[in-house]
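Presented below is the structure to which this report refers.
Taken together, the values in this text are just the output of simple stated rules run on the coordinates, not laboratory data. Because the structure is a prediction, the values reported are computed rather than measured. Virtual Cβ from ideal backbone geometry, glycine too; neighbours counted across all protein chains shown.
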Amino acid sequence: MFNDIPIGPVTIHMYGLMIALGFLAALYLCIYRSKKFGLDENILWGIFYCAIAGGLVGTRALYYIVELPAIIKDPSILWDFKNGYVVYGGIIGGILVSFLYCKKKKVKFLNYFDLVMPAVALAQGLGRLGCFFAGCCYGRETSAWYGIVFRSSKFAPNGVKLIPTQLISSAGDFLICGILLFYASKRPKSGKVASAYLILYGIGRFFVEFLRNDYRGSIGWMSTSQIISVGIVALGIALFAILSKLKAPAANET
């Protein structure tokens, strides 16, 4: 597709633009819903900044782990910040730092966890559109009618039909966002919306990985992301089951 759009002396990078739109859309959705559920907007802003910081560190840290053999051979990879960001690392890092922030502020993390995760799915959907424009996270070759051909990608092989894994992932993320918003409207116990995100995203990511053809690290027949997906789904199921056994819902549930 096209990633760089020159407008006079300015070049718009679609990947960066979609990431920025994802952050803004997620923030707007969280602020809008925080008023509905009576949550502190100031705390939400703190979580937002913590999630960005934790997410950026997490994406890079997991990339270093996945690429450790290559880094040992070529340490200069450590200083190449143009590429090398792993989504799962961002999710884990963002959640961890946000949890620590809520603990410091002495507010119930699960309430904000529920509030934020549908917005995270929305941001991911927009971010995957950015991947589509850039050509990263590309799929396997195909002869099917739905295959897409990149002409000037710096990442995907050009001139061959590929499975549009970016669009599949984006559609799945938007669907997850819608499901979570609907589920949240039913006022389930605190933490269940976030648990549902972990389950749905983990399952979706696990199966999309079979369609991708970019290198993401692997152990045996599974990619690194598939291994993490198994753990994420297990965590989501365990958390959902534990919360289901609680008799009384907490106050200010989302």
Label corresponding to Cα extents along the principal axes in Å when calculated from the structure given, among (i) 80, 32, 31; (ii) 52, 49, 38; (iii) 57, 48, 42: (iii)
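Work out which chymotrypsin sites (Phe, Trp or Tyr not before Pro) in the chain are exposed loop sites (DSSP not H, G, I, E or B, at most 14 other Cβ within 10 Å) and give the longest gap free of them.
Looking at the chain, 3-80 is the longest stretch - no exposed chymotrypsin sites (Phe, Trp or Tyr not before Pro) with at most 14 other Cβ atoms within 10 Å.
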For the chain, with +1 on Lys and Arg beta carbons and -1 on Asp and Glu, the positive-most of LEU243, LEU126, LEU62 along the dipole: LEU243
Set of aspartates and glutamates with alpha-carbon distance to LYS189 below 16 Å, sequence-local pairs under 8 removed: ASP114, GLU253
Cβ charges +1 (Lys, Arg) and -1 (Asp, Glu), total dipole of segment 4-245, debye: 840
Distance between modelled label sites at GLU141 and TYR28, nm, 7 Å Cα→Cβ extension: 4.2
Selection from SER195, PRO164, GLY147 lying farthest towards where the dipole of segment 58-204 points positive, charges on Cβ: SER195
Neighbour cut-off at most 10 other Cβ (10 Å), DSSP loop, trypsin sites (Lys or Arg not before Pro), segment 171-247: LYS186, LYS247
Distance between modelled label sites at VAL160 and ASP4, nm, 7 Å Cα→Cβ extension: 2.5
Residue order, fewest to most beta carbons within 10 Å, for ASP40, ASP173: ASP40, ASP173
Stretchable slack from LEU78 to ALA234, in nm (0.36 nm times residue separation minus alpha-carbon distance): 53.0 nm
Nearby lysines by direct alpha-carbon distance to LYS73 (threshold 28 angstrom, same-chain neighbours under 8 apart not counted): LYS82, LYS154
